1. Sort Met104, Met336, Met317 so the one with the fewest other Cβ atoms within 10 Å of its own Cβ comes first.
2. Could you compute the longest span of the chain free of GluC sites (Glu not before Pro) located in DSSP loops and having at most 13 other Cβ atoms within 10 Å, not counting the site residues?
3. Relative to the present Cα-Cα distance, how much length would full extension add between Glu71 and Arg190 at 0.36 nm per residue of separation?
4. Per the Cauchy relation, a quarter of the hull surface: what is the mean projected area of the convex hull of the alpha carbons in the range 134-305, in nm²?
5. Counting other beta carbons within 10 Å of each Cβ, put Val48, Val35, Val148 in order, fewest first.
6. Over all directions, what mean area does the Cα convex hull of the range 75-167 project, stated in square nanometres?
7. May I ask for the net charge around Gly87, where only other residues with Cβ less than 11 Å from the Cβ of Gly87 are counted and Lys, Arg are +1 while Asp, Glu are -1?
8. Taking amide H positions as placed in the peptide plane 1.01 Å from N, state which residues far from Tyr135 in sequence (5 or more) or on other chains have amide H under 5 Å from it.
Amino acid sequence: MVTRVLGIETSCDETAAAVVARRPDGGGDILSNVVLSQAAEHAAFGGVVPEIAARAHVEALDAVIAAALDEAGVRLSEIDAVAATAGPGLIGGLIVGLVTAKAMAAATGKPLVPVNHLEGHALTPRLTDRLAFPYLLLLVSGGHTQIVEVRGVGDYRRWASTIDDALGEAFDKTAKLLGLAYPGGPAVERAAAAGDAARFAFPRPMRGEARPDFSFSGLKTAVRQAAEAIAPLSDGDVADICASFQAAVSEAVGDRVARALARFRAEHAALADPVLVVAGGVAANRALRAALGETCRAAGFRLVAPPAALCGDNAAMIAWAGLERLAAGLVEADAMDAAPRARWPLDAAAAPLVGHGRRGAKA
Ligand code: KG4
Ligand code: ZN
């Protein structure tokens, strides 16, 4: 029997709904994947404003869900379950999505599946590439920077996390500092294309250190000092700073990832085809991807990167995580009582390394 799940995602600044089907053979089909970005509404503020995000979700969600059902060609009565992001993220948006999902589940009598946003990212390569467990995940977004050992549905071990800024946040802050547009990642990458990556010797935070974690705030400070030292900046200066920043980031992340690959190899020596998955909005960055490709080649790993539309925040990944949970029998009987959680670590045993950022739990 084919199972169809409606997914809802409202944890940050994308209002998203999708319908995904799971075939009896375990494969999945995305029947629709509607993502409405609020980037324009936050651009003037250089970052996501929680109150604006929550209000925008309220205003847009009904139409986004209707569009997802319409595009999929299914009626609400033909949906087998409703999955919604219950955390981590901005609490206002989470409330909007989860309450809407609960209302739809109650009205249709179908089960509700509360989903951890990070689990959505973690399980996406099983939808796109039919990956088998276990694999290693590098999640790099505006709110998260972590390396996770994905052992099974609901079974994750966080191996590394950022001790300060998330990587996407470092891109966004660098862009803001240089007067580039929001969101900063794509703007920095565009500017870097014409720049000289060797002009500034920015630090490679944590390189060679024994502890597995990431750090980006020192790099951000170095960028600010370099920019201040040569202000006012020409377009050429901005391009050189962006290129040098990207080179530092790529090398620093490559170093952290190489450590994790070695550990994964040691713990799963019998695995014939070890895989690193890179996901999250920053995974779109070509310099970073090239560095990761190099790191994986050197360690004998395959690098899997979901297509851009499924790398950034979307609801297909939430619907798919819901399908995986249903198939694994992991949906709790009291799911309708689930509360939205601003913080919700994938790996409950891993202690938080940093506190609360503007975008919710960073780690
Ligand atoms: O996963 P995502 O869409 O949303 C969350 O933050 O959860 O990631 C957005 C982040 C932003 O910080 C954005 O600047 C960054 O991903 N980003 C990039 C690129 N495209 C998006 N960073 C570097 N290079 C890019 N091409
Ligand atoms: Zn995300």
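Coordinate-derived values only; no laboratory data. Note that the structure is a prediction, hence the values are computed from the model and not measured. Methodologically, a virtual Cβ is constructed for each residue, glycine included, from the backbone with ideal geometry; neighbour enumeration extends over all protein chains shown.
1. Numbers: Met104 18, Met336 13, Met317 33.
In increasing order of surrounding Cβ atoms, one gets Met336, Met104, Met317.
2. Numbers: sites that count: Glu209, Glu332.
With GluC sites (Glu not before Pro) excluded where exposed in loops, the chain gives 1-208 as its longest stretch.
3. On the way: separation 119, 0.36 × 119 = 42.84 nm, distance 3.29 nm.
So the chain would gain 39.5 nm between Glu71 and Arg190.
4. Numbers: hull surface 38.1 nm².
Averaging across all directions leaves 9.5 nm² for the Cα convex hull.
5. Numbers: Val48 23, Val35 18, Val148 27.
The most exposed by this proxy come first: Val35, Val48, Val148.
6. Working: hull surface 28.9 nm².
Directional mean of the projected Cα hull area for the range 75-167 stands at 7.2 nm².
7. On the way: positive: Arg341, Arg343; negative: Glu119.
Surrounding charge for Gly87 is +1.
8. Hits under the 5 Å cutoff: Val150.
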